[in-house]
Structures are given as structure tokens and as C-alpha cells.
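Only one structure is covered here, and it is reproduced in the block below.
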Amino acid sequence: MKVGSRIIGPRLGSKLLLAGCVLLLIPWLGLQSLRAMQQFLTDGQAEAQLLTASGIAALLHGRKDLFDDSPDSTSQLAELPLYPLPGRILLDGFAEDWQGLEQHSKHYGTAPGPTFSLILGENKQRIYGLLNVRDSSPVYRHPAYLRLDHSDHVRFYFKGTDNIDQHLLLTFEGKGKISAYTVDEDWRMATPGHPDYRLQGHVDIDAEGYRIEFSLPLTMLGEQRQLGIAVADVSDPRQRTITHISRTFPQINQGNYNRVLIRSVATEAIIQGLEKEEAQIWVFDRDLNVRAIAGGLAAQREDYLNTEEQRATPLWQSVVDALLGTLVGATRQRLEDFDPLQTLSRDDALLHTAIGGLGSTQRRASLDGRHEIIAAAQPIRDGDTIIGVVLIEQSTATILSLQRHSLQHIALLSLLSLSAIVIVLLLFSARLTWRITRLGGDTDRASDEWGRMQQSANIRGTHAGDEIGDLSRNIEQLLARLARYQQFLSALPRTLRHEINNPLNTASTSLEHLQTQGGDKTYVDSAQRGLQRISAIVDSLAEAASLEDALSSDEILPLNLSALLTTYIKHQRRRCNHEIELTTPAEEVWVQGSDIHIEQLLDKLLDNAIDFSSPDKNIEVSLSTDKNHCFLRLKNYGPIIKESEVAALFQLFHSRRVGGQSQSGAQHLGLGLYIARLICERHGGDLSVANLSSGDGVVFTATLALTSPGQK
Amino acid sequence: MSYKIAIVEDDPDQRHNYATALEKQGYEISAYADRASAREAMRTAMPDLVVLDIILGNEIDAGFQLCRELLAIDPSLPVLFLTERVDEIDKISGLRLGAWDYQPKPVSLGFLVERIASLLRLKALRDNPAPTAHPARTTGHLSIDEDAMQIRWREQLLELTITEFRLIAALARRPGYPVAYEALMQATIQQYVTRNTINTHMRNIRRKFCALDNAFACIGNEYGHGYRWVQESPESPQ
């Protein structure tokens with residue numbers, strides 16, 4: 001803030017507000033402690049997970065059987081991977097709900113035979129499959145034919161629960177549902193004659209071929225979990241003979257098909273009971289193949305139809321979410337951490353450590369990058385050997401949502417307390433400022449612009465008990481002391497006059513005696529003149545000091561100012577060396593005042609004008625009026641007044657005259673303009689001075705209040 | 001026989017100067033420095049005229065008190081205050097007590113001598129009214145008796161100090177003509193007179209006239225010059 005040319009600090013209110021900014025530390029500290037708490041909770045969770053992992057590991061301790069594969073060595077068999085599916089598959093022939101998993105399909109068959117791709121998934125104890133056959137001219141089943149091999153069809157080979165080979169044939173009569181039949185050894189006739197409803201499927205046909213989505217219960221497969229799929233192609237719709245067959249397993253199979261890579265049902269049954277929300281339990285074998293998975297990090301997909309509804313959150317919610325996400329990493333977004341490739345085997349450093357015999361924890365970002373996941377792994381032992389690894393993964397979402405609530409709480413409380421404090425501070429500072437301003441105003445009003453104390457200074461707020469109250473009282477006392485001192489000062493000239501008159505009289509009477517005794521007249525006279533001057537000085541001083549009294553005791557009467565001025569100037573023209581030009585308005589000007597003092601005012605102003613007028617220059621006197629005031633202007637041509645001198649001009653003991661002598665030789669003490677100003681103020685106006693715009697003279701303007709018409 | 005004049009003044013130099021000047025005029029002078037001694041001496045021998053200072057030693061109102069006591073004994077005793085207390089209020093209280101004149105210091109000895117002479121002459125005249133040598137001058141309702149130093153307005157006597165008498169006399173000498181401040185200053189025959197002094201006197205004179213006659217407006221200001229005696233309008237009764 002700038003006052004005049006000085007730069008000063010901000011106002012009190014701003015300072016208090018600035019100081020109040022320290023309060024912003026409170027939410028910051030809250031945030032810091034929240035982060036520390038988050039760290040603590042995360043560590044705790046990691047510990048708990050590790051503990052749970054060892055618990056599960058202990059549960060699986062020694063259960064070597066769970067990690068053993070089927071007794072006969074089937075490792076030469078080609079494997080059909082069975083991917084765990086995040087959700088249910090709608091059997092409609094479209095690949096959308098496989099969520100990109102279809103890209104991991106395996107391709108089978110070579111030209112000229114039919115080529116096809118296959119992907120298998122598992123969800124809720126059912127196997128799902130997507131079979132994509134390249135066949136630009138499919139031959140559909142003819143309803144008139146009983147034989148099933150007279151059209152394009154798919155053959156399922158598998159070993160049932162009793163390890164007996166079973167054959168299922170899938171055939172279709174066009175786009176839509178497919179039918180599955182248990183068939184004889186030659187794949188010609190359906191043995192029971194009716195479809196096998198355990199296998200369901202749907203076919204969709206386009207220009208490039210056909211696509212079959214199917215599902216069958218996992219329990220249809222026996223313990224050996226062998227499954228083979230072959231696609232038979234009939235190219236001539238009239239002959240309807242099988243031209244080629246493409247298989248997922250070698251043709252010379254010795255009764256074995258593909259081994260379905262499936263997790264251990266028994267293990268999964270064990271850990272199923274330990275399932276936790278937002279936690280996923282994995283069991284791996286030594287080769288880090290997945291043996292069992294329980295639970296899931298992401299909620300099941302059944303509700304994906306509702307997600308649109310869930311996304312329609314209000315704008316402020318999204319803003320708050322974004323803000324909280326920045327501050328603590330909390331998010332309301334769904335966790336996406338499903339990678340189908342990882343559902344069969346994993347290769348984490350953590351798991352390798354566990355295989356090495358050391359349980360440990362690790363934190364990682366979720367695959368969607370929005371969440372943090374804590375993973376804890378413990379080895380499963382069988383005596384001294386390590387037979388597998390338990391991995392528990394859990395997101396920190398619970399902690400984060402806890403933290404999120406705390407943060408909202410803290411933010412709300414901080415906001416409330418901050419605004420309350422700010423309001424209180426504002427009110428308090430406004431009150432303080434108001435009191436200080438009032439005190440300043442009162443102090444200011446205690447003296448007029450010339451520094452004279454008012455008769456009774458009115459300082460308010462002296463009853464307050466605080467420091468401002470002290471200040472008010474101090475100022476009140478100070479002003480009272482100043483007023484007393486000023487009274488003393490104004491009484492001083494009169495006292496002085498009393499005291500000086502006595503010795504003056506002694507000197508004066510003695511001089512007279514000296515004169516009558518024949519003293520040298522020259523010296524006696526000069527001594528008399530000196531005494532006269534002292535007397536005049538003392539009188540002037542007393543006059544200036546007591547003019548207030550004199551003015552207030554004077555009779556204030558309606559006065560015809562224009563007539564007074566005309567008479568005055570008429571008489572002054574005879575005495576004055578300068579021409580005096582007088583301009584008065586046509587109508588009479590009446591003021592309420594004391595004629596003697598107005599005459600005195602004219603004396604002082606004219607005296608001043610004459611003293612500073614260049615020789616042979618006119619002095620111009622004019623009287624004019626406006627609504628409430630009349631303006632008496634005395635203009636003289638001569639030296640101008642410096643700007644810096646103007647303020648001091650009307651003060652006591654200020655004289656522009658060199659050596660204090662005027663042209664008339666009278667003594668000047670710098671009282672004239674001071675007295676003139678007092679007289680103007682007493683008459684409801686003021687006295688001002690300005691240099692002429694031509695720069696060769698000065699005009700004094702005395703303003704006096706006009707008599708209101710009613711008072712005339 | 002010579003008049004006996006008592007001077008009460010605490011300053012020895014001034015007392016000596018007054019006494020010397022008045023003795024030269026052939027008066028019989030007795031001078032006192034304080035109220036007690038003056039009071040004691042005058043109980044036995046009353047002077048013809050008393051010159052009083054107001055502040056005597058530590059008693060700031062001793063002169064007033066003495067005046068009251070003396071006038072209680074002899075109400076016709078001319079008392080002349082000669083004092084450094086020049087405030088209006090002091091002047092008024094002095095004259096109210098019954099003093100004949102009130103002169104502020106500094107005073108010229110010549111003036112003092114002349115003033116005392118006129119007071120004594122006035123006292124003699126009042127004690128033994130003799131046919132006046134000069135008849136009273138009249139101007140309208142104003143009648144001025146130079147010998148008795150008395151002024152009447154509409155047949156009523158005005159209580160004036162000698163200075164005030166002289167100022168009115170100077171104004172009324174040429175009714176209707178302005179009298180300059182300088183002439184009025186000379187008329188007071190005081191030593192140090194300013195315009196303000198004249199203005200103050202004139203204001204007091206007006207007040208005294210107005211006390212007798214509310215419609216009095218015969219003293220007119222000549223702003224920037226002085227005063228003049230305004231003749232009453234012809235239709236007012238003579």
C-alpha cells in the first residue's frame with residue numbers, strides 16, 4: 001500500500017489473514033499422518049497376507065498327491081490350455097465376451113484339410129470353447145439323412161469318468177444351435193438316438209467359415225482329463241463324403257488325446273474355503289504352473305451390464321475423486337487385474353524366491369495401473385523339499401477406501417474449522433480496525449488543521465480493557481495535557497504583557513524625568529521609540545492570543561459588507577500610494593459579523609498587498625458571491641509565493657517581509673495573516689492564497705459566510 | 001492650599017517617578033508600597049485624590065479592595081487606577097467600584113499630571129458648583145459640558161471615563177464629518193494608543209449610550225479611516 005510517497009505495509013486485516021494462512025498446516029499435517037497411517041496399514045496387510053500364505057502352505061504341507069500329475073506319463077501329449085475366464089460366456093457364436101482371450105487360440109490343421117483355431121476356458125466348473133473353422137463352403141446336416149457324417153461336423157474325443165473313450169459329434173443345420181450326439185465307433189450313427197444335452201453350443205456362419213461356441217461340464221472329463229477335437233470337412237453337398245479331417249492330436253494316438261491343462265480340483269476345493277473378497281489365492285507347483293486359484297481381485301463380471309449406470313456419477317464426485325486420487329492414490333475405479341496368460345503359469349521374482357524356500361511380500365501396481373496390489377508368497381513343503389508355492393494377492397483398495405473416508409472427513413473438518421477461523425479473524429480484525437480507525441478519527445478531530453486543540457476532545461472507547469482501550473485512555477490524557485498546555489501557552493502573552501508593562505512604565509516615566517532634567521533629547525526619543533515598539537509587540541502578541549476571546553465576546557450583527565468595503569476603500573485611496581480598483585456586485589452583500597474585525601481583516605490584507613506590490617501597480621479588490629459565501633479578493637502585482645511557503649503563510653510568527661519591516665515602517669511579527677485567517681474562520685469561511693496564472697502577482701481570497709435571507 | 005495626593009504603588013522606581021513628577025506640580029504627595037500601610041495612613045488623613053495600583057506585592061486584588069474601603073469612608077473621593085492589568089474585565093470592575101478613571105500602564109507622566117489636574121478640577125467643580133464659564137455645547141440630543149467634563153444624552157447624565165469623554169467631545173466637535181483614528185488617538189492623550197484601543201473605547205461608549213437609549217445610532221464607523229458623529233435625522237424630536 002502506498003501513502004503519499006511512502007510505501008507502507010499491508011493493513012491490519014490483511015496481516016491477520018496472512019498470519020491465518022499458517023492454519024493451512026492443519027490439513028497438510030492431517031494428510032501427512034494419513035500417509036503414515038497408510039504405510040502402516042499396508043505393512044500390516046502385507047504381514048497378514050504373509051501369515052495367511054504360511055497358513056495355507058501349512059495346510060498343503062505334505063500333500064504331495066495334490067501336486068502329482070496323473071500316474072501314466074502323459075507328458076508327451078500335446079496340451080490344451082484351459083484358461084480361467086473372468087465371467088460367464090454367452091453362447092452366441094460371437095467372440096466379444098472372450099475379452100481378447102481368443103487371440104491366444106491355437107491353430108490346427110493344414111491344407112488341403114480344414115484349418116481351425118481353438119480356445120478353451122473355464123468358469124464355474126464348466127468348460128467353454130470357441131472353435132473357429134475356415135471353410136468357405138460348409139455343408140449342413142440334411143434332416144432327411146440319419147447318418148451324421150454326411151455333413152461338416154466336429155468330433156469330440158474324451159475319456160469319461162471311468163477312463164472309457166467317449167465320442168461326441170457336433171453337427172448343425174445352419175446358423176443357430178448345434179446338436180451333440182454320442183456316436184458309435186465309426187462316427188456314423190447316434191447311439192442313444194437323441195442329442196446329448198450336457199454339451200451346448202451355437203454356430204455362427206459367415207463367408208470365411210463357421211464359428212462354434214460351446215460349453216460342457218468339467219465333470220464330463222475323467223481324472224486323466226484327456227480331450228481331443230477334430231473337424232471333418234464334407235466338400236461335395238451331393239456326394240456328402242468326408243474329404244478331410246483335421247485333429248488337435250496326432251492321428252496315431254494309441255488311444256490318447258490332448259491333455260487339458262486344468263488346475264487341481266482337489267487343491268481348489270481346499271482353498272475355496274479360504275476365499276476372501278478382493279483377494280486371490282494362487283497355488284503353484286514347482287514349475288510355477290497354476291494348480292489352483294480361489295477368489296478374485298476383480299468382482300465377477302456378471303454385473304457388467306450395470307456399469308453404465310454406475311459410471312453416471314455427479315460431476316462433483318468425479319472432481320473429489322480426481323483430487324483424492326492425486327493426494328493419496330485412492331480411486332473408486334474398478335480393479336482390472338486379469339491377465340489370461342498369467343492364469344496358467346507365472347514367472348514372478350517373488351515366486352522364484354518362494355521356490356528358493358523364502359516367503360516374502362511384494363507390492364506392484366495392478367495391470368490397469370490404477371491400484372496397488374500386495375502379493376505375499378510362501379513355499380509349500382513336504383519334508384525338506386519344496387513342492388509348491390502359495391501366493392496371496394490383495395489390493396490395497398480397502399485401506400485406500402478407509403483412507404479416502406478419513407481424508408474426506410479431515411478435508412471437511414479442516415474446511416469448516418478454517419472458514420470458522422477465517423470468519424472469526426475477519427470479524428475480529430474488522431472490529432480492531434474499526435476501533436483503531438475511530439480512535440484515529442477522534443484523535444484527528446481533537447485538533448483543527450492548524451493544530452489548535454478543541455475545547456473538549458471526545459475520545460470514545462476509553463472503557464475497553466484491552467490495549468486499544470489503554471491507548472484511548474493514554475490519548476485522552478495526552479490530549480487533556482496538551483489542551484492544558486495550550487491554555488497555558490495562549491495565556492502566556494497576556495501574562496507577559498502584565499509583567500512587561502510594569503518595567504516598561506518604570507523605564508518610560510524615568511525617561512520623561514531624564515528629559516525634563518535636560519537629558520539629550522535624541523537619545524531620550526530613541527529610547528522612547530524603543531519602548532513604544534516593545535509595547536506594540538507585547539500588545540500584538542496578546543491580541544493574537546486572545547483574539548478568539550475577543551471575537552467570541554464581540555457583537556455579531558448583520559453587516560452590509562459591500563457598503564463597508566466601499567467606505568473602507570474610499571478612505572484608503574487617500575492614504576495609499578497605489579491605485580486601488582474596487583469591484584463590487586450590484587446587489588448588497590450581507591454577512592453576519594463584527595465590523596471592527598472585518599475592518600481589521602481588510603487592514604491586514606491591504607497592508608500585505610501594499611507591502612508586496614510593485615511600485616506603480618494597481619491593487620485590485622473585488623467582492624463576489626455564490627449561494628452561501630462571499631469572496632473578497634485582493635490582488636497585487638509583485639513577487640509570487642513559493643508553493644512550499646503557502647502552508648506556513650497563515651501560521652503564527654511567519655513573515656515574508658525581509659527583516660520584518662514593511663514599507664510603512666511598522667513592526668511586523670508575522671501576526672497579520674494569522675489574525676486575518678482567524679477572523680475569516682470566525683465568520684464561517686477561510687483565507688487562501690494563490691499565485692496569479694500570469695506569474696506576476698498574488699491573490700488572497702477571504703471567504704465569509706453570507707447571511708441567510710431569513711437573518712437579514 | 002495644595003491638594004494632597006496619595007500614591008499606592010509597590011514598585012519603588014515607579015512610585016518615586018510619580019511622586020517626583022507630581023511634587024513638581026506642587027501637590028503634597030504621600031506614597032505607600034502596600035495596602036496595609038496605605039490603609040493605616042489614610043484612616044487618619046484622607047487625601048484629596050488617590051492613585052492606585054491593583055496588584056500590590058502578593059495581593060493581586062489589593063487595589064480593588066483598597067478602593068472599596070476608601071470609597072466606603074468617602075464616596076466622593078476621586079480614585080484613579082493606574083495599573084498593568086489592561087484586560088477589559090479589570091477595567092470594567094475598577095470603574096464599577098466607583099473609580100473615576102482607569103489608566104493602563106505604561107503611562108506618560110505628562111498625561112498623568114494633566115489627568116490628575118482635570119480630576120481635581122472636576123472634584124472642585126462638583127464640590128462647589130459654580131456658574132460655568134462656558135455653557136454646555138449641544139448637538140442634537142447631546143450636550144457636552146467641557147468644564148464639568150459631563151455629557152448628557154436626552155437630558156440624562158452618562159457615566160464616562162475621562163478618555164471616553166474626550167473621544168465623544170472630539171467626535172462631536174464637527175458633527176457629520178469623519179474623524180480619523182489618528183485624531184482620536186491624540187484626543188485620548190494617552191501614550192501608547194492603537195486602533196484597537198480606539199475601537200474598544202468606541203464600543204464601550206456605544207454600550208453606555210444604548211443603555212440610556214436603545215435606538216442610539218449616532219456614532220458611525222468610517223471604515224479604514226475612523227469614526228464620525230452622525231446627526232440625528234431631522235424628523236426626530238429636538
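The values are calculated or read from the model by the stated rules, or taken from the named source; none is laboratory data. Quantities reported herein were computed from a predicted structural model and do not represent experimental measurements. Virtual Cβ from ideal backbone geometry, glycine too; neighbours counted across all protein chains shown. For the accessible areas, the whole protein counts, side chains as well, though only heavy atoms, and no ligand, DNA or RNA atoms are used. Shrake-Rupley method; radii C 1.70, N 1.55, O 1.52, S 1.80 Å.
The set of residues in the stretch A:177-195 being of a type in the set (S, T, Y), surrounded by 14 or more Cβ atoms within 10 Å (Cβ to Cβ) and within 17 Å of A:F158 (Cα to Cα) consists of A:Y181, A:T182. Annotation: A:R460 fulfils all but one of (1) assigned to a helix (DSSP H, G or I); (2) farther than 30 Å from A:R533 by Cα; the unmet one is (1). As a summary of the residue check, A:L416 satisfies the conditions (1) closer than 30 Å to A:Q39 by Cα; (2) surrounded by 13 or more Cβ atoms within 10 Å (Cβ to Cβ); (3) modelled with pLDDT of 85 or more except for the one numbered (2). Scoring A:F653 on the criteria (1) at pLDDT 85 or above; (2) surrounded by fewer than 18 Cβ atoms within 10 Å (Cβ to Cβ); (3) aromatic (F, W, Y) leaves a single failure, condition (1). When the criteria are applied in full, A:H352 meets the requirement of being open to solvent by 70 Å² or more (accessible area, probe 1.4 Å) and modelled with pLDDT of 70 or more.
Looking across the stretch B:62-79, the residues that are more than 18 Å from B:A45 (Cα to Cα) and either among the aliphatic types (A, V, I, L, M) or open to solvent by less than 40 Å² (accessible area, probe 1.4 Å) (or both) come down to B:A62, B:G63, B:F64.
Per the listing B:E159, B:E155, B:E182, the residue uniquely within 30 Å of A:E543 (Cβ to Cβ), surrounded by fewer than 15 Cβ atoms within 10 Å (Cβ to Cβ) and away from chain A (no Cβ under 14 Å) is B:E159.
With respect to the stated conditions, A:E122 is charged (D, E, K, R), touching a Phe, Trp or Tyr at 6+ places or on another chain (Cβ under 8 Å) and assigned to a strand (DSSP E or B).
Whenever a residue of the stretch A:510-527 is more than 9 Å from every other protein chain (Cβ to nearest Cβ), its partners that are among the basic types (K, R), lying with C-beta atoms within less than 9 angstrom and at least six residues away or across chains, give the pairs A:Q515/A:K521. If the Cβ limit is 6 Å and pairs must be 6+ apart or interchain, which residue in the stretch A:100-121 that is among the polar types (S, T, N, Q) pairs with which residue that is open to solvent by 30 Å² or more (accessible area, probe 1.4 Å)? Correct list of pairs: A:T115/A:G109; A:T115/A:R134; A:S117/A:H107; A:S117/A:N132.
Of everything in the stretch A:531-571 that is modelled with pLDDT under 75 and not in a helix (DSSP H, G or I), the residue that is least open to solvent (accessible area, probe 1.4 Å) is A:D554.
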